[in-house]
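> Dropping the structure in here first, questions after.
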Protein chains: 2
Amino acid sequence: MTDTLYTIGQMCDEFEVTPRTLRFYEAKELLSPIREGQKRLFTKRDRARLKLILRGKRFGFSLEEIRQLLNLYHIGDQQVTQLARTHEVAQKHLGAMIAKRDELTLAISDLQDQLKWVEDVLANRQSKAAAE
Amino acid sequence: MTDTLYTIGQMCDEFEVTPRTLRFYEAKELLSPIREGQKRLFTKRDRARLKLILRGKRFGFSLEEIRQLLNLYHIGDQQVTQLARTHEVAQKHLGAMIAKRDELTLAISDLQDQLKWVEDVLANRQSKAAAE
DNA sequence: AAGAAAGTTTACGTAAACGTCAAGTGGTTA
DNA sequence: TAACCACTTGACGTTTACGTAAACTTTCTT
């Protein structure tokens, strides 16, 4: 086990977030850095979780939704009696993400069509201008 | 041209939003329903835009980002001199969306792996229980 | 004509996700 | 030891995206 620990400043530099953000996530129980006296020290686990948090945010999930998802990635913590519930939540999220990707694919096609349109108009303007 | 018009109530039923939401979007200049006296009447154009707004929201875009994107879909309004700029903005957004989809695909794989793990644990518990 | 239904503006309230001071602690470098 | 970091805990401020309540007009229904 590499037990490298990170200060709040190092974390901020790496992940491009502010200290306020990390403390906020801790208050919301998304992260749980250990303490050395007053200071927070972030572990490998915190870093993995933060990656997932930021990823989740980019997809429009709320912090509360993310908090539930996070448990999936640290099953060691869970009681076996809650695994079934965890599994259910996971599948729901998976479905949502797949749906989201499909819709995103569609949106991309739409936008590409629009782009073609714009390019055609621009091309026509060019050839017209050349003809004069 | 089908010039079907819709009241605010009809729009709300169809798109599952509240009147407040539609008025808010109008205030933010995302929609521009015409008026019959006091009342708003929503056109085909508004409906198309609303679809795009709601889609954008699902992907975590802010209303302000969406407002910029929306112009891409109503090029008729634009001046030709601004088309090039529009084209540039469009490509930027397209790139972002494609990146987002790729990352989402990756996130889906990750989650699927985790699910397998959970399923394995659950299966083991079953076989163990059966053995006793 | 009376009331219910649907729509309107105005205005204040709210939850989420932080930003921004203020005031203090703990090491360390000049 | 003085000053300077990096870090800490409050506590209040801010933006986004609406919710909600009040007071009113217009339209439909009975």
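> Suppose the filter is over 21 Å from residue A:107 (Cα atoms) and open to solvent by less than 80 Å² (accessible area, probe 1.4 Å); does residue B:72 pass it?
Taking the combined requirement at face value, the residue does not satisfy it.
> Right, here's the next one. For region A:21-43, enumerate the residues that are more than 19 Å from residue A:58 (Cα to Cα) and outside any loop (DSSP other than H, G, I, E, B). First the steps, then the outcome.
First, the residues of region A:21-43 that are more than 19 Å from residue A:58 (Cα to Cα): A:23, A:26-27, A:29, A:32-43.
A:23, A:26, A:27, A:34, A:35, A:36, A:39, A:40, A:41, A:42, listed by residue number.
> What number of residues within region B:58-85 are part of a helix (DSSP H, G or I) and either in contact with a Gly (Cβ under 6 Å, 6 or more places away or on another chain) or at pLDDT 90 or above (or both)?
The number of residues fulfilling the criteria is 4.
> Still on this model: May I ask you to say which residue of A:44, A:51 is within 11 Å of chain B (Cβ to nearest Cβ) and more than 12 Å from DNA strand C (Cβ to nearest atom)? Let's see the steps before the verdict.
Working: A:44 fails: within 11 Å of chain B (Cβ to nearest Cβ).
One residue alone meets the criteria, A:51.
> Would you tally the residues in region A:1-45 being open to solvent by 90 Å² or more (accessible area, probe 1.4 Å) and within 17 Å of residue A:67 (Cβ to Cβ)?
3
> Can I ask one more? Please go through region A:72-122 and give me each residue that is more than 19 Å from residue B:113 (Cα to Cα) and aliphatic (A, V, I, L, M), ordered by number.
Selection gives A:104, A:106, A:107, A:108, A:111, A:115, A:118, A:121, A:122.
> I would also like to ask the following. Within region B:1-23, which residues are without any contact (Cβ under 8 Å) to a residue 40 or more places away in the chain and within 13 Å of residue B:40 (Cα to Cα)?
B:5, B:7, B:8, B:9, B:10, B:11, B:12, B:19, B:20, B:22, B:23 - these are the residues of region B:1-23 that are without any contact (Cβ under 8 Å) to a residue 40 or more places away in the chain and within 13 Å of residue B:40 (Cα to Cα).
> Residue A:103: at pLDDT below 80, of a type in the set (Asp, Glu) and either closer than 30 Å to residue B:84 by Cβ or exposed (fewer than 10 other Cβ atoms within 10 Å of the Cβ) (or both), yes or no?
no
> I've got another one for you. Only residues that are free of Cβ contacts under 8 Å to residues at least 40 places away in the same chain and among the basic types (Lys, Arg): list them for region A:37-58, please.
Listed by number, the residues that qualify are A:39, A:40, A:45, A:49, A:51, A:55, A:57, A:58.
> State whether one or more residues within region A:13-25 are away from DNA strand C (no atom under 12 Å from the Cβ), over 13 Å from the mean Cα position of the chain (by Cα) and farther than 28 Å from residue A:98 by Cα. Spell out how you get there, then give the answer.
Filtering region A:13-25 down to residues away from DNA strand C (no atom under 12 Å from the Cβ) leaves A:13-14.
Okay, now just the ones that are also over 13 Å from the mean Cα position of the chain (by Cα), so A:13-14.
Add one more test, that the residue is farther than 28 Å from residue A:98 by Cα, and what stays is A:13-14.
Yes, because at least one residue in region A:13-25 is away from DNA strand C (no atom under 12 Å from the Cβ), over 13 Å from the mean Cα position of the chain (by Cα) and farther than 28 Å from residue A:98 by Cα.
> With respect to residue B:50, determine if the residue is assigned to a helix (DSSP H, G or I), within 23 Å of residue A:122 (Cβ to Cβ) and open to solvent by less than 30 Å² (accessible area, probe 1.4 Å).
no
> Among the residues of region A:111-121, what is the count of those that are open to solvent by 50 Å² or more (accessible area, probe 1.4 Å) and touching a helix residue (DSSP H, G or I) at 6+ places or on another chain (Cβ under 8 Å)?
At the first step, the residues of region A:111-121 found to be open to solvent by 50 Å² or more (accessible area, probe 1.4 Å) are A:112-113, A:116-117, A:119-120.
Those left that are additionally touching a helix residue (DSSP H, G or I) at 6+ places or on another chain (Cβ under 8 Å): A:112, A:117, A:119.
Matching residues across region A:111-121 total 3.
> For the structure I just gave you, tell me whether residue A:80 is β-branched (Val, Ile, Thr), more than 21 Å from residue B:52 (Cα to Cα) and within 11 Å of another protein chain (Cβ to nearest Cβ). Can you show your working first?
Details: β-branched (Val, Ile, Thr): yes; more than 21 Å from residue B:52 (Cα to Cα): yes; within 11 Å of another protein chain (Cβ to nearest Cβ): yes.
Spelling it out, residue A:80 is indeed β-branched (Val, Ile, Thr), more than 21 Å from residue B:52 (Cα to Cα) and within 11 Å of another protein chain (Cβ to nearest Cβ).
> Could you look through region B:26-41, keep only residues that are within 13 Å of DNA strand C (Cβ to nearest atom) and of a type in the set (A, V, I, L, M), and pick out the one that is nearest to residue B:72 (Cα to Cα)?
Going through the qualifying residues, I end up with B:31.
> Right, something else. When you scan region A:44-65, how many residues do you find that are within 13 Å of DNA strand D (Cβ to nearest atom) and farther than 21 Å from residue B:60 by Cα?
1
The values are calculated or read from the model by the stated rules, or taken from the named source; none is laboratory data. This structure is a prediction, so every number in the text was calculated from the model and none was measured. Cβ coordinates were reconstructed from backbone atoms using ideal geometry, including for glycine residues, and neighbour counts include every protein chain displayed. Accessible surface is based on the protein model in full, side chains and every heavy atom, while ligands, DNA and RNA are left aside. Shrake-Rupley method; radii C 1.70, N 1.55, O 1.52, S 1.80 Å.
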